[in-house]
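S.K.: Below: one structure in structure tokens.
The values are calculated or read from the model by the stated rules, or taken from the named source; none is laboratory data. Quantities reported herein were computed from a predicted structural model and do not represent experimental measurements. Quick reminder, even Gly has a Cβ in these numbers, built from the backbone with ideal geometry, and neighbours come from all protein chains shown. Just the protein is used for accessible areas: all its heavy atoms, side chains included, with ligands, DNA and RNA removed. Shrake-Rupley method; radii C 1.70, N 1.55, O 1.52, S 1.80 Å.
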Amino acid sequence: MSAIEAAYSRVAQPQRAALRLIGSAMVAFGVFLAGFVINEPAPYELWMAGLVGIWFILGLRISRFTAMLLTLLVTFNVGGMLSLTQMKDLTGGPMYVAVSTFLALTSVFYAAIIEDSAKRLPLIFNAWVFAAVITSLLGILGYFHAFPGAEVFTLYDRAKGAFQDPNVFGPFLVVPSLYLIHGILTRDLKTSPVRAAALLIVALGVFLSFSRAAWGLFLLGVVLLIFLMLLKERSGAFRLRILILSLLAIVLMVAALLIALQLPQVADLFSTRAQLVQEYDGEYLGRFDRHRIGFQMMMERPLGLGPMVFGTIFPEDEHNIWLKTLTTYGWLGFVSYVSLLVWTLYLGFKNLLRNRPWQPYLMIAWICVIGHAVIGNVIDIDHWRHVYLLFGIVWGCAALEHRYRQNFPGHSGLTT
């Protein structure tokens, strides 16, 4: 019996069912709110603060396995707290570290509720898809100025949906995109039109964000997803289905792209953003120059500079998660973050092809953790809500596998 089930056993059956329904709805709404982050702290933080407290009051526990995730994330944020001692002006610094710490706790929370019940994984992913479709529609309508005031959902002529930045909006949409693609390739074909329609909306949102990181993440995610599905599925007929549907999806996506490029405003911005190195990347004190100077500077500053200090010294912020962890969380935070990332990727890889109910969710989350590690070379991701959710999903699924193997020793469940 799980911790939550034990808590429910102390109340009558109707009350138990009502608590489960309310708890599930609160989790779904929390994930949904992750798609609407215009200011910090966002409604997501306020909602999750209450949600985390309620679930732990109801009996949710952190297992020894999940406690390791908690330890790594706490150590990471202790580094952030130590970096505050290096700031001459604390304005904004404590709030930044507070948000970082809270987001870390949400990651542990997601891991714990997934470990408690694998049935919450479909709930989380479906809520993510719902949020992605709505925020994508807002970004698309804003980009084409579909109604008065719609430009509030754009920034620099790029769709940003209900986010502060197109560079966060685009990557947020990749996980639900992969989930929809997986559903199209594996579920009943009768439901494919609905998933395909949702996928087109979300994919158009990714495209109109004009985020090179999002484009790269989307492409890498799709390629890895199809590769792993072909690797996992040994049935020739099923592999043929995946290949045919994948080719059909590629044709449709290319056709949609070509149609969109017929619009001058889309074509002009696409030609500019499609360049691998922008002017602000390679110029003096541009992105790459700042990276080089910043890493040299951090070799002499073990406690870092403090949150948002780097941007006051140079023309812009770090735009590199490795440099960001050094400047904002110090050497302690850097080592903790690298350890967290390596351990997360190891746990996911070890359990990636096991035939479990949670395998598709683990696969998608693991792919996107890899993708975010890659795009972290050109962007800061330490305050991206969905990245902490991805960590929680991978660790939650790994905890499920750990418990499964304890209950069924000797049964690997590897795909053969």
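S.K.: In segment 272-287, which residue that is closer than 17 Å to residue 216 by Cβ and either open to solvent by 50 Å² or more (accessible area, probe 1.4 Å) or assigned to a helix (DSSP H, G or I) (or both) is modelled with the highest pLDDT?
M.R.: 287
S.K.: On to the next question. I need every pair where a residue in segment 128-142 that is more than 10 Å from residue 176 (Cβ to Cβ) and open to solvent by less than 10 Å² (accessible area, probe 1.4 Å) has its Cβ under 8 Å from the Cβ of a residue that is outside any helix (DSSP H, G or I) and among the β-branched types (Val, Ile, Thr), sequence separation at least 6 or different chains.
M.R.: Listed pairs, sorted by first residue: 139/154; 142/154.
S.K.: Scan (1) closer than 25 Å to residue 28 by Cβ; (2) of a type in the set (Val, Ile, Thr); (3) crowded, with 16+ Cβ neighbours inside 10 Å for the single condition residue 191 breaks and write down its number.
M.R.: It is condition (3) that residue 191 fails.
S.K.: Something else: Would you be able to say whether some residue in segment 84-96 is polar (S, T, N, Q) and either part of a helix (DSSP H, G or I) or surrounded by 16 or more Cβ atoms within 10 Å (Cβ to Cβ) (or both)?
M.R.: yes
S.K.: Also, quick follow-up: Quick one: residue 178 ticks every box in (1) part of a loop (DSSP other than H, G, I, E, B); (2) among the hydrophobic types (A, V, I, L, M, F, W, C); (3) modelled with pLDDT of 95 or more except a single one, so which number is it?
M.R.: Single failed check for residue 178: (1).
S.K.: Among the residues of segment 45-74, what is the count of those that are over 20 Å from residue 122 (Cα atoms) and not in a loop (DSSP other than H, G, I, E, B)?
M.R.: Of the residues in that region, 20 qualify.
S.K.: In addition: When both residues are 6+ apart or on different chains and their Cβ atoms are under 8 Å apart, which pairs have a first residue that lies in segment 231-250 and is more than 22 Å from residue 199 (Cα to Cα), and a second that is open to solvent by 90 Å² or more (accessible area, probe 1.4 Å)?
M.R.: What qualifies is 234/416.
S.K.: Continuing with the same structure: Does residue 152 fit the bill of being among the hydrophobic types (A, V, I, L, M, F, W, C), open to solvent by 40 Å² or more (accessible area, probe 1.4 Å), free of Cβ contacts under 8 Å to residues at least 12 places away in the same chain and in contact with a Gly (Cβ under 9 Å, 6 or more places away or on another chain)?
M.R.: Taking the combined requirement at face value, the residue satisfies it.
S.K.: Could you tell me whether segment 115-131 includes any residue that is among the β-branched types (Val, Ile, Thr), part of a helix (DSSP H, G or I) and under 20 Å from residue 35 (Cα atoms)?
M.R.: yes
S.K.: Residues to consider are 221, 236; find the one that is closer than 27 Å to residue 350 by Cβ and open to solvent by less than 60 Å² (accessible area, probe 1.4 Å).
M.R.: 221
S.K.: Which of the residues spanning segment 227-238 are modelled with pLDDT under 90 and of a type outside the set (Phe, Trp, Tyr)?
M.R.: Within segment 227-238, 229, 230, 231, 232, 233, 234, 235, 236, 237 meet the criteria.
S.K.: Okay, moving on. Within the bounds of segment 97-113, is there any residue that is assigned to a helix (DSSP H, G or I) and farther than 25 Å from residue 325 by Cα?
M.R.: Yes, segment 97-113 contains a residue that is assigned to a helix (DSSP H, G or I) and farther than 25 Å from residue 325 by Cα.
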